[in-house]
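*Asks:* I'd like to ask you about the structure that follows.
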Amino acid sequence: MASDDKPRAPGRRAVTTAALGSLLLGGCDRLAGNPKVQGWLGSASRLSLLVQHWLAGDALAPEYTEADITRSFKGNGTQDPDDDEYQALAASGFAEWKLLVDGLVARPVQYSLADLRAMPARTQITRHDCVEGWSCIGKWTGVPLAEILQRVEPKGAARFAVFHCADPMENGNPATKYYESIDLIEAVHPQTILAYEMNGTALPVAHGAPLRLRVERQLGYKMAKYVMRIELVEDFRSIGGGNGGYWEDQGYAWYAGI
Ligand SMILES: Nc1nc2c(c(=O)[nH]1)N[C@H]1C(S)=C(S)[C@@H](COP(=O)(O)O)O[C@H]1N2
Ligand SMILES: [Mo]
């Protein structure tokens, strides 16, 4: 594919492969020695798929400086979930909140905010582009989704991560809660993080407290706020309206690349 319509760039390929290797397997002997993880993340076919995917376009979304940060980042969509369970969690500062990670994984887990904060973190200053036509630059700190996937050990059939959110989109009706999904290629991209901080302080409720997804190469609606559960699935046809997200079910594109 990319090799046919793009000039060969062996140097870049070598660097990218090395970067991938260190992202996926480096710095974690426990992982490298884990046959299940090797089977999933370390398999030659998955690795080459990732390399080809990232070579097909710019691997990283642009990152900005502190001076570029938008003073008043716009809030959009839900800014205070109409959900009793969420409001109770928020009232106690999310001390009782836990993220559930389950579905097609060998080790389903629940993580508190403290658990997530204890994991390796990434900070990035990026531009958020909403499909409505506005953009804001913000600084996000959180745990790379790849870190969590390594811990839960996705099964071979897993292809997508589905993010289940706390906020109903229609009159407090729990059947209309926001959800989103990305494929596992996007999920292990280094800039795909679960952010618990925005601009250096705890993520505000308006922007998705206590945890929101950042998928920096796609449009804003992919970046699920108020994430309560991450479910790994083979396909998302049986979830919600079957199109992979709340807005996708209203007709938006599932792949929202910028
Ligand atoms: N749970 C949830 N996530 C969501 C939304 C929402 O309404 N609910 N809106 C999406 C849209 S369209 C955008 S542009 C961004 C807005 O994020 P912000 O409030 O931090 O600007 O969140 C996205 N994620
Ligand atoms: Mo948006």
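Each reported figure results from applying straightforward, stated rules to the coordinates on display, with no laboratory input. From a predicted model like this one, the values you see are computed outputs, not experimental measurements. We place every Cβ from the backbone using ideal geometry, glycine too, and count neighbours over all the protein chains shown.
*Asks:* Relative to a virtual label point 7 Å from the Cα of Ile69 in the Cα→beta-carbon direction, which members of segment 95-130 show backbone nitrogen distances below 13 Å?
*Replies:* In segment 95-130, the label zone of Ile69 (backbone N under 13 Å from the point 7 Å along Cα→Cβ) covers 123-126.
*Asks:* Within 13 Å, Cβ to Cβ, of Gly200, how many net charges do the neighbouring residues add up to if Lys/Arg are +1 and Asp/Glu are -1?
*Replies:* -1
*Asks:* Show the residues, 5+ positions off or on another chain, whose built amide H is closer than 5 Å to the amide H of Met228.
*Replies:* The answer is His164, Cys165, Ala166.
*Asks:* Identify, among Gly251, Ala202, Ser238, the residue whose Cα sits farthest towards the positive end of the charge dipole of segment 188-258, taking +1 on the Cβ of Lys and Arg and -1 on the Cβ of Asp and Glu, with the dipole about the Cα centre.
*Replies:* So the residue we want is Ala202.
*Asks:* Exposure proxy check: Ile182, Ile258, Ile239 ranked by fewest other beta carbons within 10 Å?
*Replies:* Details: Ile182 25, Ile258 12, Ile239 18.
Fewest-to-most Cβ neighbours within 10 Å comes out as Ile258, Ile239, Ile182.
*Asks:* Out of segment 88-159, which chymotrypsin sites (Phe, Trp or Tyr not before Pro) are coil in DSSP terms and have no more than 14 other C-beta atoms within 10 Å? Walk me through the numbers on the way to the answer.
*Replies:* Values: sites: Phe94, Trp97, Tyr111, Trp134, Trp140; in loops: Phe94, Trp97, Trp134.
Here the sparse-neighbourhood loop sites are Trp134.
*Asks:* Could you list Cys165, Cys136, Cys130 in order of exposure, starting from the residue whose Cβ has the fewest other Cβ atoms within 10 Å?
*Replies:* Arranged by neighbour count, lowest to highest, Cys165, Cys136, Cys130 become Cys130, Cys136, Cys165.
*Asks:* Grab the other residues whose beta carbon is less than 15 angstrom from that of Gly138, score K and R as +1, D and E as -1, and report the net.
*Replies:* Spelling it out: positives minus negatives among the neighbours equals +2.
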